[in-house]
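Nothing in this text is a laboratory measurement; each read-out follows from the coordinates by a stated rule. Every value quoted in this text rests on a predicted model; they were computed, and no experiment measured them. Cβ sites come from the backbone with ideal geometry, for glycine too, and all protein chains shown count toward neighbours.
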Amino acid sequence: MIDLTMLAYCIPGLLLVLALIFSGRNKFPANDAVLNTFSIIHAFYLLGLTFVVLFGAKLPVYFMEGRYFAIDRLSLYEILIATIVFCLSAIYARGYIRDLLNIGEIERTNTRLFYGAFNLLFTVIVLSFLANNVALYWIFLELTTLLSALLIIILKARENITASLKYVFIASSAMLFSFIGIIILYALNRDQIADGNLNWDTLLAIAPSLPGTAFGIAFILLFIGFGAKSGLVPFHTWLPIAHSRAPSVVSALLSGVLLNIGIYGILRLNAVATQTSVGDNLKVFLIVAGIISILVPAFCLAARTNSKKFIAFSSIEHMGLLVLGIGLSSPAVLFWVLFHMLGHSLSKTLLFFSAGIFHRQYESNKYFQIKNAFKLQPLASWGLILGSLSVLGVPLFPIFLSKLNILAGLADFSLAGLVIVLLLLFIIASSFGYYLVRAFNSKEDETELKVYNTPKSMKWPIVFIIVILLVLGLYMPGGLADLLNGIVNDLGF
Amino acid sequence: MIDTIIFNDIIHGLFVLILGTAALIITQRSLTSLFNIYAAQSLILAVMAIVLFIEYGTLNLLFIAILTLAVKTIFIPLFLHKVLKRISVKRDLQFMFLSPASSILISAILIFVVYLFFTNIAGDLFADRLILLVGVIGIALALMGMMVIFSRKRVITKTVGYLTMENGVLLFSLFMAEMPFIIEILIVLDLLMIIVLSAVLAFGIDSGMEEFHKKLNRLGIWIED
């Protein structure tokens, strides 16, 4: 029964794409409502499937003879985050994409392309978490770049094409360095076990016997690619542009799900690295990389005038914080790193969804176009404010807990590092305040703007995320804590 | 099995040819010749895989040679030529940041730096001198490809830069460790998809057709910082 789980995960997405390809231009309904309904069902089906596996199966489960795919608690947790964001995005897309189609920003002929790529991206993301093999994981990671690039160019503006190209070129070139890392890893591996294989579980098992320096080089090469995919400095330059050009629903996916995949790779890799002889050096490397990724956005945020770009820079900061936490690699910190991923994904989805409503209302992402926000779009305004508070880690939000504990871990490691990071976080918090005050404090405008009638499907996801965030900030379900502890345990910390 | 000395000579000769093609790719302005040089470079890699196959007899290497020949020397250059006809641009004259001469100089320095790095830091990674040389040339080729990506203006030239990078990685993998063949196939598929995607995107950016630009700029409201 459990052997079919893999198939169950990929079938709906693949079926849809096949149907879209093989049905002629007109036979298959190009109607966005039908395709969106399919996407929503697809997302909830996978969410249900994930819960069934979570409660029903004895983990970890391996598939195929070479153990190329596996489900363990970490991959299941990541899939859970991804599916939740996908469910919300699929619902949000219903109203959002319909309106974009109605005003002609997306051409009708491209509806099929959008939903095809949307659903296939979902499948590929799930597969990248299920891949137990570094090389397979690399390939799925590349595919996510391609599919999300397609989703960015769905708005046919010249700037979108530039943003998409920048994303493809930076991510793919960095991923080629990762591939060199994989080759080195494979060569090292072959010396240890006959035939060699690149499975995560094998790597974890033979980690202590891997030669230090060579593994360190492989680690840094792999880190380049995974880091570029999760927008770490200095490979972050694609991220603000891609996030601000993409339709808001895609931005939410990019920030809430795709960045996590790179972090997931780094997390797995670090679990191997801590057991090698160069573990301590790589630890420092990750911590420094994390701090640099907090530093750059800290100095970029205050000057931003575009809401979505602003939110995107904040994503870079959070990825830096996650890598910092992974670098600290103590069990307690890792627990909170995993929790932070959930909190960050939900908060960023909330922010981008709200920014999407603002874009429809004011036809601009600039803060100075925002007028009478509370009167015109009360829910989106609260979404933006609560989302910002959540991202900053204000108490009552889940990120408060995770940020506090990651920083506490940093204090154990280095006090100077803590002071620097606190200072940077302070700058980031003031930039957020500066931005929000300017956005919501604009004078009442004489000319009455026409109220954008926000569809219900765009409102409910926002309400839902706010509720979930508040609940998670106050109460951590026992099952979640057990799951996270289990993951930390699985990784061998 | 070939005589070791002859084998080494052949391999070294092929290395020189690869570096020569890389230098041409960095400096070439005509797009048609750029694609032809890329095809030639891939052909050299295929020949190298065949030579290695004759020497070591691993069937994997033969498959890689055939795959490289079919996809990289025939299909991709043909496809790029076809795209070029559609976008009606013949040459890529603009170099950003670097002139052709300084690019060559920098790539020479790159090779040297990579060599120093591998001999001093990663010495234990490479069993013998030949593999060390491959490591150096493979990585240097990848870095040179990266240089093409950021120093050229046209998207289609950047694509060739990416392809060169990939050739560097292929060279590296030929000697370091033969990956399982299925993974090689998947990588080539992935490469194809990237090429098709960036070629389609190149229509939007490189195209000389005015009406295409007008159509793109119609959606003015998304154009803001």
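Computed quantities for the displayed model
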quantity: Net charge contributed by nearby residues that have their C-beta within less than 13 Å of A:ILE406 (K/R +1, D/E -1); calculated: -1
quantity: 13 Å beta-carbon shell around A:TYR62, net charge (K/R +1, D/E -1); calculated: -2
quantity: Contour excess over end-to-end distance, with Cα ends at B:ILE74 and B:ARG29 and 0.36 nm allotted per residue; calculated: 14.1 nm
quantity: Theoretical FRET efficiency, 1/(1+(r/R0)^6), r = Cβ-Cβ of A:VAL471 and A:ILE21, R0 41 Å, to 0.05; calculated: 0.45
quantity: Sequence-distant residues sharing a close amide H with B:ARG152 (under 5 Å, placed H); calculated: B:MET96
quantity: Shape category assigned to region B:66-142 from the gyration tensor of Cα positions, a/c cut at 1.5; calculated: oblate
quantity: Per-residue average of Cβ from other chains inside 10 Å of A:138-144; calculated: 3
quantity: Segments A:342-355, A:408-421 sorted - mean Cβ within 10 Å per residue, highest first; calculated: A:342-355, A:408-421
quantity: In nm, spacing of pseudo-spin labels at A:ILE220 and B:ASP128 (7 Å Cα→C-beta vector); calculated: 2.8
quantity: Ellipticity estimate at 222 nm from DSSP helix runs (n ≥ 4, -39,500 (n - 2.57)) divided over the protein assembly as shown, nearest 500; calculated: -25500 deg cm²/dmol
quantity: Gyration tensor verdict on region B:1-157 (Cα atoms; rounded if a/c is under 1.5, prolate if a/b is larger than b/c, oblate otherwise); calculated: oblate
quantity: Cβ-Cβ FRET estimate between A:ILE103 and B:ARG91, R0 fixed at 35 Å, reported to 0.05; calculated: 0.30
quantity: Flagged links, alpha-carbon separation over 29 Å, of A:LYS309/A:LYS403; A:LYS283/A:LYS308; A:LYS375/A:LYS456; A:LYS366/B:LYS90; calculated: A:LYS283/A:LYS308; A:LYS366/B:LYS90
quantity: Spread of Cα-to-Cα distances over 5 Å intervals beginning at zero, given as percent, for region A:209-258; calculated: 5, 19, 20, 18, 12, 9, 8, 5, 3, 1
quantity: Point-to-point label distance, A:PHE426-B:LEU192, nm (Cα→Cβ direction, 7 Å offset); calculated: 5.7
quantity: Rounded if a/c under 1.5, otherwise prolate or oblate - chain A, Cα gyration tensor axes; calculated: oblate
quantity: Cβ-Cβ FRET estimate between A:ASP490 and B:LYS153, R0 fixed at 56 Å, reported to 0.05; calculated: 0.70
quantity: Electrostatic dipole magnitude of the protein assembly as shown [Cβ: Lys, Arg +1; Asp, Glu -1; Cα centre; debye, to 20]; calculated: 2420
quantity: Protection-proxy order for peptides A:197-205, A:434-442, A:54-62, each taking the mean of Cβ atoms within 10 Å per residue, highest first; calculated: A:197-205, A:434-442, A:54-62
quantity: Label-point separation in nm, A:ASN31 to B:THR4, each point 7 Å along Cα→Cβ; calculated: 7.4
quantity: Within 10 Å of each Cβ in A:300-310, the average number of Cβ atoms from other chains; calculated: 1
quantity: Order of A:GLU65, A:GLU159 under a 10 Å beta carbon neighbour criterion, fewest first; calculated: A:GLU65, A:GLU159
quantity: Net lengthening on full extension, A:PHE464/A:ASP201 (0.36 nm per residue, minus Cα-Cα); calculated: 91.0 nm
quantity: Helix axis angle, A:378-392 relative to chain A longest principal axis, alpha carbon, degrees; calculated: 30
quantity: For region A:268-308 and region B:1-45, distance of Cα centres in Å; calculated: 39
quantity: Helical segments meeting 24 Å axial Cα length and Kyte-Doolittle 1.6 threshold in chain B (DSSP H); calculated: B:4-27, B:31-56, B:100-120, B:129-151, B:181-206
quantity: Residue-averaged beta-carbon neighbours from other chains (10 angstrom radius) around A:157-167; calculated: 5
quantity: Relative contact order computed over region A:196-312 (Cα-Cα under 8 Å; 6+ residues apart), in percent; calculated: 37
quantity: Under the Karplus curve 6.51 cos²θ - 1.76 cosθ + 1.60, θ = phi - 60°, whole-Hz ³J(HN,Hα) for region A:339-346, x wherever Gly or Pro sits; calculated: 5, 4, 4, 5, x, 5, 4, 5
quantity: Part-to-part distance (alpha-carbon centres) for region A:470-493 and region A:336-384, which is given in Å; calculated: 28
quantity: Positive minus negative residues near A:GLY320 (Lys, Arg vs Asp, Glu; Cβ under 15 Å); calculated: +2
quantity: Relative contact order (%) - region A:326-413, alpha-carbon pairs under 8 angstrom, separation at least six; calculated: 40
